[in-house]
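Participant: Would you mind keeping the following structure in view while I ask a few things?
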Amino acid sequence: MNSAVANKTLKGGEFLIKETEAKDVFIPEEWNEEQLMIAKSHHDFLAQEVWPILDRIDSQEEGLMPSLLEKAGELGLLGISIPEYLGGFGKDFTTSMLATEILGGGHSFAVAISAHTGIGTLPILYYGNEEQKAKYIPKLASGEWKACYCLTEPSAGSDANSGKTNAVLSADGKHYILNGQKMWITNGGFADIFTVFAKIDNDPNLSAFIVEKSFGGITLNPEEHKMGIKGSSTRQVFFNDCKVPVENLLSDRQNGFKIAVNILNLGRVKLAGAAVGGSKIITTKSVQYANERQQFGRPISKYGAIRYKIAEQAILIYACESATYRASQNIEDAIQTLIADGMDEAKAKLKGVEQFAVEAAILKVHGSETLDYVVDEGVQIYGGMGYSAEAPMDRSYRDARINRIFEGTNEINRMLTVDMMLKRAMKGELDLMGPAQKVVGELMSVPSFASEEKTLFSTEKSYIANFKKAVLMVAGGAVQKLMAQLGKEQEVLMNLADMIIELYVSESLQLRVEKLVSIRGEEACKVQLEIMRVYLNDASDKIHKSGKEAINSFAEGDEQRMMLMGLKRFTKVDPINTTAARRVVAAKLIEENKYCF
């Protein structure tokens, strides 16, 4: 085993009970020259091929999106994470996340390319046998074939395993006969390859199949009319006695649901990266407009109300980006450890992502809601022009909204965050009970008022340690009080999830800034320090509010009073002038005339 990697790799969810050292996280300020060149090639593609024709893309001009995917394939943009022997570049997970981030600013094209390279390609890459990978992956990497993913049905959305699409073995045993209906299929209108989930006979669980359009028996409804991402192809797909060769069963029979879950974990992390990329572009446009737009004789960027919005956009983006790349590197470290232990590379990649499914759900929620805030305030900064289809915020606002629904709704992902952590605890994979009991013991004791020697980050580290105690206290109380009923108390689960999300992002941001200061020095990181202080200040309020709502819903009397007092103690932070801090952040963006962190 690679001991250096193993020692610094936390298991998924362990951030709640273990400390991470700043030197062990990856921060975007550490991109190497090759990675920056990859980022530039993706940005140049958007600038040259996508942004000039966004109206044509949104009108779904015949053949336009497939041709863009083919151009992207010629430049290697479809094969960043595909092994070299299958026609790709074989880059690591963190580099593939950088590519995803840059392409996140591509509106409907971003949806099409993400669906193709992610849910369209990865099931075959990670679960296919060597014959299947050799047949399909090189053509998907080149863009010769386009891919889609067929899971959702009219009566099976979040409850995907309840799908009715059925497969029956033919009399001669050579084909599965596929019948059923799928909906909301991205790239469905032009896809050559469909990964289709169906139940064989009366199996309780889904199986997965690689279906070529050329097999026949496939019909499509017209394109859906959508609120946003209008340029992406979204169709209903019908399978009518579609004959699928038996060798096109993907993985084992009844393994389809596991494939779907693991590919969704990947999709959630990638969505966060794309949301960060889109948010940066929108903030840049917001800053540039604020510097250009004159009212009452000066640019609107001179006004405090506008500066608040610009600063808050940047603070949320920087925090989300910190968490996204922290998790990405954790996943990459886990993958490399598994490979070093002898696991097959494809299986290691799946296992590495699966291990951080909790973080994937957290990132999906935080990323999509950061993007929502950024585009909403982008419209507001533009004012009347923000509501005009002639200005860029109209498309950005509409396109962003789907991200809170994609890859499992944010409500589902919040509940999954808590559910997965508790299940790991029950399996003994995550020791939550010991730390939770320790917090209860601390509640019963007299608080220590001894002053400790202050260092640059000691105050923020103490806040985060206390945030962890707040989560453990409220979660432990909810489990003890509600027990088996907790799964039905969705409001409590939402409260717990919001506490966990704010904790994880706060810690990720603090670690990033600490590492950056160790590299550049405190003087060069003044703005980033202000970003950290504002975010942690606001996170304390959010954690307190969510914790209070949860406690008040399941506790009473002395228990309630004790927990509320503990919550107040664990979410207490020193007062800071957030107005002055946000002004420092906004001034930097206004001076640079762009998102500049």
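Please treat every number below as a calculation from the coordinates, not as lab data. None of the values given here were measured: they were computed from a predicted structure. Cβ: placed from backbone, ideal geometry, glycine included. Neighbour counts: every protein chain shown.
Participant: Which angle between 0 and 90 degrees, to the nearest 10, do you get for helix 357-382 versus the longest principal axis of the chain when only C-alpha atoms count?
Facilitator: 80
Participant: Here's another thing I want to ask about it. Of all trypsin sites (Lys or Arg not before Pro) in region 90-183, which ones are in loop regions per DSSP and have a Cβ with at most 12 other Cβ atoms within 10 Å?
Facilitator: In loop regions of region 90-183 (DSSP not H, G, I, E or B), the sparsely surrounded trypsin sites (Lys or Arg not before Pro) are Lys174.
Participant: Taking the Cα atoms only, what angle lies between the long axis of helix 304-340 and the longest principal axis of the chain, rounded to 10 degrees?
Facilitator: It works out to around 60 degrees.
Participant: Could you state the number of Å between the C-alpha centres of region 9-83 and region 231-273?
Facilitator: Spelled out, the Cα-based centre of one part sits 22 Å from the other.
Participant: So what's the angle, to the nearest 10 degrees on a 0 to 90 scale, between helix 345-355 and the longest Cα principal axis of the chain?
Facilitator: Tilt of helix 345-355: around 40 degrees.
Participant: Mean residue ellipticity at 222 nm from the helices of the chain, using -39,500 (n - 2.57) per DSSP H segment of n ≥ 4 over the full residue count, to the nearest 500 deg cm²/dmol?
Facilitator: The per-residue figure over the chain is -19000 deg cm²/dmol.
Participant: With θ taken as phi - 60° and the coefficients 6.51, -1.76 and 1.60, list the Karplus ³J(HN,Hα) couplings across region 524-532 in order, rounded to whole Hz; mark glycine and proline as x.
Facilitator: Result, ordered by residue: 7, 10, 4, 5, 4, 5, 5, 4, 4 Hz.
Participant: Would you be so kind as to identify which of Ser553, Phe197, Asn240 lies farthest towards the positive end of the dipole of the chain, taking Lys and Arg as +1 and Asp and Glu as -1 on Cβ and the Cα centre as origin?
Facilitator: Most positive-ward Cα: Ser553.
Participant: Which loop-located GluC sites (Glu not before Pro) does region 14-54 contain, where loop means any DSSP state but H, G, I, E or B and the Cβ has at most 11 other Cβ atoms within 10 Å? Walk me through the numbers before you get to the answer.
Facilitator: Details: sites: Glu14, Glu19, Glu21, Glu29, Glu30, Glu33, Glu34, Glu49; in loops: Glu19, Glu21.
The qualifying sites are Glu21.
Participant: What percent does the relative contact order of region 514-597 come to when contacts are Cα pairs within less than 8 Å and at least six residues apart?
Facilitator: Computed over region 514-597, the figure is 38 percent.
Participant: While we're looking at this one, here's another question. For Ala524 and Leu86 in the same chain, what is the full-extension length gain: residue separation times 0.36 nm, less their Cα-Cα distance, in nm?
Facilitator: In short, 153.3 nm is gained.
Participant: Looking at region 380-459, which chymotrypsin sites (Phe, Trp or Tyr not before Pro) are in a loop (DSSP not H, G, I, E or B) and have at most 13 other Cβ atoms within 10 Å?
Facilitator: Phe449
Participant: Taking 8 Å as the Cα distance limit and 6 or more residues as the minimum spacing, I'd like the relative contact order of the chain as a percentage.
Facilitator: 15
Participant: To continue, here is another question. When the dipole is taken about the Cα centre of region 99-172, and only Lys, Arg (+1) and Asp, Glu (-1) are charged at their Cβ, what size is it in debye, to the nearest 20?
Facilitator: 140
Participant: Magnitude of the Cβ-charge dipole of the chain, K/R +1 and D/E -1, about the Cα centre, nearest 20 debye?
Facilitator: Magnitude of the dipole: close to 1000 debye.
Participant: What percent antiparallel are the DSSP beta bridges of the chain, to the nearest 5?
Facilitator: Roughly 80 percent of the beta bridges in the chain run antiparallel, per DSSP.
Participant: OK, next. Find the centroid of the Cα atoms in region 149-224 and in region 465-513, then give the distance between the two in whole Å.
Facilitator: Between the Cα centre of region 149-224 and that of region 465-513, the gap is 38 Å.
Participant: Additional query: From the list (1) 70, 26, 22; (2) 40, 31, 22; (3) 36, 30, 25, can you say which value of semi-axes √(5λ) of the Cα gyration tensor in Å was derived from the structure given?
Facilitator: Computing semi-axes √(5λ) of the Cα gyration tensor in Å and matching it to (1) 70, 26, 22; (2) 40, 31, 22; (3) 36, 30, 25 gives (2).
Participant: Still on this structure, please answer the following. With an 8 Å cut-off on Cα pairs and a minimum separation of 6 or more residues, tell me the relative contact order of region 1-145 in percent.
Facilitator: 25
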